[in-house]
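Comments concern the structure below.
The values are calculated or read from the model by the stated rules, or taken from the named source; none is laboratory data. Quick caveat: nothing in here was measured; it's all calculated off a predicted structure. When we count neighbours, we look across all protein chains shown, and the Cβ atoms used for this are built from the backbone with ideal geometry, even at glycine. Only protein heavy atoms, including side chains, enter the accessible area calculation; ligands, DNA and RNA are left aside. Shrake-Rupley method; radii C 1.70, N 1.55, O 1.52, S 1.80 Å.
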Amino acid sequence: MAESFPLLNQIVLNTSFLHIQIGHVIMWGIAFTFIYLAIKKGFEPLLLLPIGFGILIVNLPLAPIMGMTEGAHGLQRDLVRWFYDFGIANGIIPCLIFMGVGALTDFGPMIANPKTLTIGAAAQFGVYAAFFVAILLGFNLKEAASIGIIGGADGPTCIYLTAKLAPHLLGANALAAYSYMAMVPLIQPPIMRLLTTEAERKIRMKQMRPVSKTEKIIFPLLGTVVICMLVPLAAPLMGMMFLGNLFRESGVVERLNKAAQNELINIVTIFLGVSVGATMSAEKFLHPQPIFIFLLGLVAFAFSTVGGVLLVKVMNLFLKEKINPLIGSAGVSAVPMAARVSQVEGQRADKHNFLLMHAMGPNVAGVIGTATAAGLFLTMLK
Amino acid sequence: MIEDTWFFAFRVFMGGFSGVFMGLIILMYCVKLMSALILKLEVKKRD
């Protein structure tokens, strides 16, 4: 029969069905779970949806998606491989996303209360705690650093650092980072309640002073110079973020500001999500390592929350005007989710307490802190 | 070799964490200075 229809035989042999392995089926399950979580539960849908689809499509046997295929001009990159090599591997996409993040961020609460910058630094404790635990579990220094940065709760920074230090962990790290960012409202509150008393949770903070337009315009320039001079390897991320913020605050480039906030960030998010998902082929992903990475991500998030809350408690020993320790947890960068968690927890203790704007200070400081931590890892490990 | 790794990891831990703190504390003082100068100038302008 097959000999009678050689062309049909060839077509049948080249369908994916005959090449399916159990690993592919497991990965489809993971892909569908992420797509389900994105659509039905609304967990970070802008990323989990394209990531889930990327996982699905790369685990369809024989599909030329992420490898190299023989073409008219020799070996050529497959579709998503182009996105990955030119967008992720050299760090372009995370930096462009940071430009959008900068254009979307109001640094006003942080400028009004610069002390919150130290909270953003303390909340990087989880990064270093997870780094240490990862080494204990047998990961090498570069892998451990890329896992630790999950604790910063900043997806683009995590992807940027992992692509530079341990690209083989990119899929697992990115997925862990975004999954835990979506789970901030579940992870943080028990830790926050455990570390604070009822009286501390009821602390009301004084209304912040208004921040002038001049301050808001000068801050991105000042931030660029200070951070990029101190940690030059953080310049690609920080430079782009502050450029986006300058677009926003200058008020003279509204078109660029809107493009950075909308079109640019949306387009690169598509490429980022699909490329990250496509790194998770069954043969690369189905090992014990991703399970460890997920556990370490949780350790990192928990310790980052602890670091932020405890620093506020220590600061309160010396301050006349007390800070509500619940805003300490917002030092992890998940913007604005972590700040909202502080607000919700604050209102559980006192219905009339409004912490959101106070929590935005450490929240945006956390973004600067995580990018600085990434730059320092690159400086020390590259 | 293993001891070397641990020693290096410890240095990365200490250097990294204190580096982040130092960086953000320097930025904090720069922001304070910037705000003080701008507010002073704005008050002067108004007067």
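Put +1 on the Cβ of each Lys and Arg and -1 on the Cβ of each Asp and Glu in the stretch A:170-235; which of A:Val226, A:Ala174, A:Pro210 then has its Cα farthest toward the positive end of the dipole?
Checking the options against the dipole of the stretch A:170-235, the answer is A:Pro210.
Helix A:356-381 against the longest principal axis of chain A: what's the angle in degrees, Cα atoms only, rounded to the nearest 10?
It works out to around 60 degrees.
Could you give the angle, 0 to 90 degrees to the nearest 10, between helix A:170-182's Cα long axis and the longest principal axis of the Cα atoms of chain A?
So the helix axis and the longest Cα principal axis differ by about 40 degrees.
Can you classify chain B as rounded, prolate or oblate using the Cα gyration tensor, where a ≥ b ≥ c are the square roots of its eigenvalues, rounded means a/c under 1.5, and otherwise it's prolate if a/b beats b/c and oblate if not? List each step's numbers first, then the result.
Details: a/c = 12.07, a/b = 10.78, b/c = 1.12.
Judged from the Cα gyration tensor, chain B comes out prolate (a/c at least 1.5, a/b above b/c).
Which shape class, rounded, prolate or oblate, goes with the stretch A:148-234 when its Cα gyration tensor gives a ≥ b ≥ c as root eigenvalues, a/c under 1.5 marks rounded, and past that a/b bigger than b/c marks prolate? Don't skip to the answer; put the middle values down first.
Values: a/c = 2.83, a/b = 1.09, b/c = 2.59.
Oblate, since a/c reaches 1.5 and b/c is not below a/b.
Which whole-number percentage describes the relative contact order of the stretch A:177-333, with Cα contacts under 8 Å and a sequence gap of 6 or more?
Relative CO of the stretch A:177-333 lands at 35 percent.
Search the structure for amide H atoms under 5 Å from the amide H of A:Gln76, placed 1.01 Å from N in the peptide plane, and list their residues when 5 or more places away or on another chain.
Answer set, sorted by chain and number: A:Thr69, A:Glu70, A:Gly71.
Seen from all sides and averaged, what is the projected area of the convex hull of the Cα atoms in the stretch A:94-133, in nm²? If you can, show how the numbers build up before the last one.
Numbers: hull surface 15.0 nm².
That works out to 3.7 nm², a quarter of the Cα hull's surface.
Ranked from highest to lowest mean number of other Cβ atoms within 10 Å per residue, what is the order of the peptides B:32-43, A:27-38, A:138-149, A:366-377?
A:366-377, A:138-149, A:27-38, B:32-43
Please compute the per residue accessible area over the stretch A:1-105 with all protein chains in place, 1.4 Å probe, rounded to a whole number of Å².
Spelled out: the 1.4 Å probe surface of the stretch A:1-105, per residue, equals 59 Å².
Per-residue ellipticity at 222 nm for chain A, helices alone: DSSP H runs ≥ 4 residues times -39500 (n - 2.57), over residue total, nearest 500 deg cm²/dmol?
-21000 deg cm²/dmol
Enter the buried accessible area of the A/B pair, total of both sides, probe 1.4 Å, in Å² rounded to the nearest 100.
By this definition, chains A and B bury close to 2800 Å².
Can you tell me the orientation of helix B:2-46 relative to chain B, as the angle in degrees between its alpha-carbon axis and the longest Cα principal axis, to the nearest 10?
Here the helix axis deviates by roughly 0 degrees.
Enter the mean number of other protein chain beta carbons within 10 Å of the beta carbon of each residue in A:121-132, as an integer.
Working: counts 11, 4, 1, 6, 2, 0, 4, 9, 2, 0, 5, 5.
For this peptide, the per-residue mean of nearby foreign Cβ atoms is 4.
What do you get when you divide the Cα radius of gyration of the stretch A:227-306 by 2.2 N^0.38 Å, with N the number of residues?
1.56
Place the peptides A:175-183, A:73-81, A:12-20 in order of packing, highest mean first, counting for every residue the other Cβ atoms within 10 Å and averaging per peptide.
Packing proxy ranking, top to bottom: A:175-183, A:73-81, A:12-20.
Hey, got the average number of other protein chain Cβ atoms within 10 angstrom for residues in A:206-214?
So the per-residue partner count for this stretch is 2.
Need the C-alpha centroid separation for the stretch A:134-194 versus the stretch B:6-47, integer Å.
Taking the Cα centre of each part, the stretch A:134-194 and the stretch B:6-47 sit 25 Å apart.
Here are some pairs, A:Lys258/A:Lys382; A:Lys40/A:Lys382; A:Lys142/A:Lys322; A:Lys40/A:Lys258; which of them have Cα atoms lying more than 31 Å apart in this structure?
Violating the 31 Å limit, Cα to Cα: A:Lys258/A:Lys382; A:Lys40/A:Lys382; A:Lys142/A:Lys322.
Net charge near A:His168: determine it from the other residues with C-beta under 11 Å of the C-beta of A:His168, scoring Lys and Arg +1 and Asp and Glu -1.
Net local charge, A:His168 excluded: +1.
Just round it to a whole percent: the fraction of Cα-Cα distances in the stretch A:122-166 exceeding 14 Å.
Above the 14 Å cut-off, the stretch A:122-166 has 40 percent of its Cα pairs.
In peptide B:7-18, what is the residue-averaged number of other protein chain Cβ atoms found within 10 Å of each Cβ?
That average works out to 6.
Ratio of alpha-carbon Rg to the 2.2 N^0.38 Å globular estimate for the stretch A:74-209, to two decimals, please. Don't jump to the answer; show the numbers that get you there.
Values: Rg = 18.4 Å, N = 136, 2.2 N^0.38 = 14.2 Å.
Normalised by 2.2 N^0.38 Å, the Cα Rg of the stretch A:74-209 equals 1.29.
Over chain A, what is the relative contact order in percent, taking alpha-carbon pairs closer than 8 angstrom and at least six residues apart?
Values: 720 pairs, mean separation 108.5, N = 382.
This gives 28 percent for chain A.
Using the heavy atoms of the protein chains and a 1.4 angstrom probe, tell me the accessible area per residue for the stretch A:309-382 in square angstrom.
In whole numbers, the stretch A:309-382 has 37 Å² accessible per residue.
Determine the share of the stretch A:73-202's accessible area contributed by carbon and sulfur atoms, expressed in whole percent, with a 1.4 angstrom probe.
65 percent
Order A:43-55, A:189-201, A:151-163 from most to least packed using the mean count of other Cβ atoms within 10 Å.
Going by the mean number of other Cβ atoms within 10 Å, highest first, we get A:151-163, A:43-55, A:189-201.
Please report, in Å, the Rg and the Dmax of chain A, where both are computed over Cα atoms only.
For chain A, the Cα-based Rg and Dmax read 22.4, 90 Å.
So how strong a dipole does the stretch A:170-269 carry about its Cα centre when Lys and Arg Cβ are +1 and Asp and Glu Cβ are -1, to the nearest 20 debye? List each step's numbers first, then the result.
Details: 11 positive and 6 negative charges, 84 e Å.
Roughly 400 debye for the stretch A:170-269.
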